[in-house]
Amino acid sequence: MKDILVYMKGSDSMKLLVVGSGGREHAIVWKLNQSPKVSEIYCAPGNAGIADVAQCVDIKATDIEELVKFAKDYSVDLTVVGMDDPLMMGIVDAFEKEGLRIFGPNRAAALIEGSKVFSKDLMKKYDIPSAAYEVFEDSVKALDYLKLCQYPIVLKADGLALGKGVLICQSFEEAKKGVQTIMIDKKFGEAGNRMVVEEFMIGPEVSMLAFCDGEHIIPMVSAQDHKRALDGNKGLNTGGMGTFSPSKYYTKEIHKQCKETIYQPTLNAMKAEGRPFSGILFFGLMLTENGPKVLEYNARFGDPEAQVVLPRLKNDLLEIIEAALEQKLHTIQLEWKEESAICVILASGGYPVAYTKGYEITGLNNQTDKEDVTIFHAGTTLKNGKTVTNGGRVLGITTLGQSIEDARQKAYQTVDTINFDKKQYRTDIGK
Ligand code: AMP
Ligand code: GLY
């Protein structure tokens, strides 16, 4: 099957390696596979769905040494990094040192996601709109400060904490517990050595992804994420239970403001700091009464934002990435499908806390011939020839439609046809 695919592809014959194993990486592989320039895609470590479009390689996304070795041994022409950990660990630096082409920020630039303190100080220094904040390294001083604050207030562990290091506190009592959790009990590990205390902002949240080449930035289309586990935005914060694109809140006027005050200024700031950013920059925005403000930066595609943005992209993703590597992004004109997209995450009961794995998934094959329905696998694996659950987030049911409502209906129709034990999902994605 693979050989036939190689034969049918164009003459450029590029071999790609994608690093990661979630729904985001499935979407990246799926999109890259549409490029006529690609002959072979490897994915490390991948999952059962990715295995349909790429050759999965049993190397952990954080095993940088092995990944470098693989890229050399298999003459990989270009590596694309989906997930954050390897970026923070310096995968781009390691590949570049060996003369291997790789798309993503180097370690110095990935700090924009890796340290909340760094990103807050950057925004302050370069006048990029964001919430007012203070940084603490000492829990006693933090508590003294928190006694005098207005509530609610937001506490953030400095480092990477799987999106869980953010606590919204309604009272001093809650903040005291938060300081205990982050700085004293170190529930998020080293990430809690420093803590940001941030003003609580109000407004709709929008995710914007952008291609960057160190110099130029081209924003993609807007998306919205549903972070809470349960309907009506109840339950715990998760990695994301569903997304849709575009967001009705992200108007042309807002886009203009963001371009002027946030996107290019961020890229300029990183360059001025000697950390030019190349790769995908993710802006978590809050559209407040006083204009759009940055909630957070991520140094990679969002998950599950990628699953709704990439299916709307008409361009060849590989061409964009190659332009970025040559610092020619300004020559690229992005084109988008008019249709709306939605992604409903099917998770395992108990996610994001404790969940079990290994349940057989049925109904996947019913969907393969529908053009506007794509099932992106997140936590799946193959066991005795069967696709079984292998993570908290299992699948992302992604559909295109004439409107969000149209896409929504198609997505939930598909949700009903796919089953596994302990299937759990939100019924209000895009509502
Ligand atoms: P973050 O990881 O920084 O994006 O924070 C996770 C979530 O916490 C965001 O998606 C927001 O819903 C919420 N959040 C973070 N910072 C603030 C803030 N300053 N004001 C209100 N909500 C916030
Ligand atoms: N969906 C949010 C993230 O990828 O961080």
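Values as computed for the structure displayed
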read-out: Hits in segment 140-156 - residues which are of a type outside the set (Lys, Arg), buried (at least 20 other Cβ atoms within 10 Å of the Cβ) and either away from ligand 1 (no atom under 12 Å from the Cβ) or within 13 Å of ARG194 (Cβ to Cβ) (or both); value: ALA142, LEU146, LEU155
read-out: Test: residue in segment 118-140 that is in contact with a Leu (Cβ under 6 Å, 6 or more places away or on another chain) and either modelled with pLDDT under 95 or of a type in the set (D, E, K, R) (or both); value: no
read-out: Subset tally (residues that are in a helix (DSSP H, G or I) and not hydrophobic (A, V, I, L, M, F, W, C)) for segment 242-256; value: 4
read-out: Selected residue (only one of LEU364, LEU346 is in contact with a Lys or Arg (Cβ under 6 Å, 6 or more places away or on another chain) and either under 27 Å from THR238 (Cα atoms) or at pLDDT below 95 (or both)); value: LEU346
read-out: Pairs, first on the phi > 0 side of the Ramachandran plot in segment 228-244, second within 10 Å of ligand 2 (Cβ to nearest atom) and at pLDDT below 95, C-beta under 9 Å, six or more apart; value: ASN233/LYS227; GLY240/GLY163; GLY240/LYS227
read-out: Total residues in segment 398-426, condition in a helix (DSSP H, G or I) and buried (at least 18 other Cβ atoms within 10 Å of the Cβ); value: 7
read-out: Candidates ALA306, ALA299 - the one that is within 24 Å of ALA161 (Cα to Cα), within 16 Å of ligand 1 (Cβ to nearest atom) and of a type outside the set (Asp, Glu); value: ALA299
read-out: Answer from VAL154, VAL197 - the residue that is in contact (Cβ under 8 Å) with a residue 60 or more places away in the chain, outside any helix (DSSP H, G or I), away from ligand 2 (no atom under 16 Å from the Cβ) and within 16 Å of LYS116 (Cα to Cα); value: VAL197
read-out: Counted residues, segment 130-163 - those being among the charged types (D, E, K, R) and in contact with a Phe, Trp or Tyr (Cβ under 7 Å, 6 or more places away or on another chain); value: 2
read-out: Pair list, Cβ < 6 Å and 6+ apart or interchain, from segment 204-216 residues that are more than 17 Å from ALA306 (Cβ to Cβ) to residues that are more than 15 Å from ligand 2 (Cβ to nearest atom) and aromatic (Phe, Trp, Tyr); value: PRO204/TYR249
read-out: Which listed residue, of ALA223, ALA229, is of a type outside the set (S, T, N, Q), under 30 Å from GLY350 (Cβ atoms) and touching an Asp or Glu at 6+ places or on another chain (Cβ under 9 Å); value: ALA223
read-out: Residue count, segment 157-194 (criterion: within 16 Å of ligand 1 (Cβ to nearest atom), more than 27 Å from the chain's Cα centre (by Cα) and either outside any loop (DSSP other than H, G, I, E, B) or surrounded by 16 or more Cβ atoms within 10 Å (Cβ to Cβ) (or both)); value: 2
read-out: Residue within segment 389-397 that is more than 16 Å from LEU364 (Cα to Cα) and not in a strand (DSSP E or B) present; value: yes
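One line per residue, one yes/no per condition, for (1) aliphatic (A, V, I, L, M); (2) under 30 Å from ASP121 (Cα atoms); (3) surrounded by 21 or more Cβ atoms within 10 Å (Cβ to Cβ):
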position	(1), (2), (3)
GLN307	no, no, yes
GLU319	no, no, no
ILE361	yes, no, yes
PHE376	no, no, yes
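Rundown of residues vs (1) farther than 16 Å from ARG300 by Cα; (2) at pLDDT 95 or above, yes/no style:
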| site | (1), (2) |
| --- | --- |
| ILE4 | yes, no |
| SER11 | yes, no |
| GLY20 | no, yes |
| GLY23 | no, yes |
| ALA27 | no, yes |
| TRP30 | yes, yes |
| PRO36 | yes, yes |
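Let's see how each residue does on (1) more than 20 Å from the chain's Cα centre (by Cα); (2) within 14 Å of ligand 2 (Cβ to nearest atom); (3) within 21 Å of GLY159 (Cα to Cα):
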{"position": "LYS248", "(1), (2), (3)": "yes, no, no"}
{"position": "HIS255", "(1), (2), (3)": "yes, no, no"}
{"position": "ALA272", "(1), (2), (3)": "yes, no, no"}
{"position": "ARG275", "(1), (2), (3)": "yes, no, yes"}
{"position": "PHE283", "(1), (2), (3)": "no, yes, yes"}
{"position": "ASN290", "(1), (2), (3)": "yes, no, no"}
{"position": "TYR297", "(1), (2), (3)": "no, yes, yes"}
{"position": "PRO304", "(1), (2), (3)": "no, yes, no"}
{"position": "GLN307", "(1), (2), (3)": "no, yes, no"}
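The values are calculated or read from the model by the stated rules, or taken from the named source; none is laboratory data. All values reported here derive from a predicted model rather than from experimental measurement. A quick note on method: Cβ atoms are made from the backbone with ideal geometry, for glycine too, and the neighbour counts reach across all protein chains shown.
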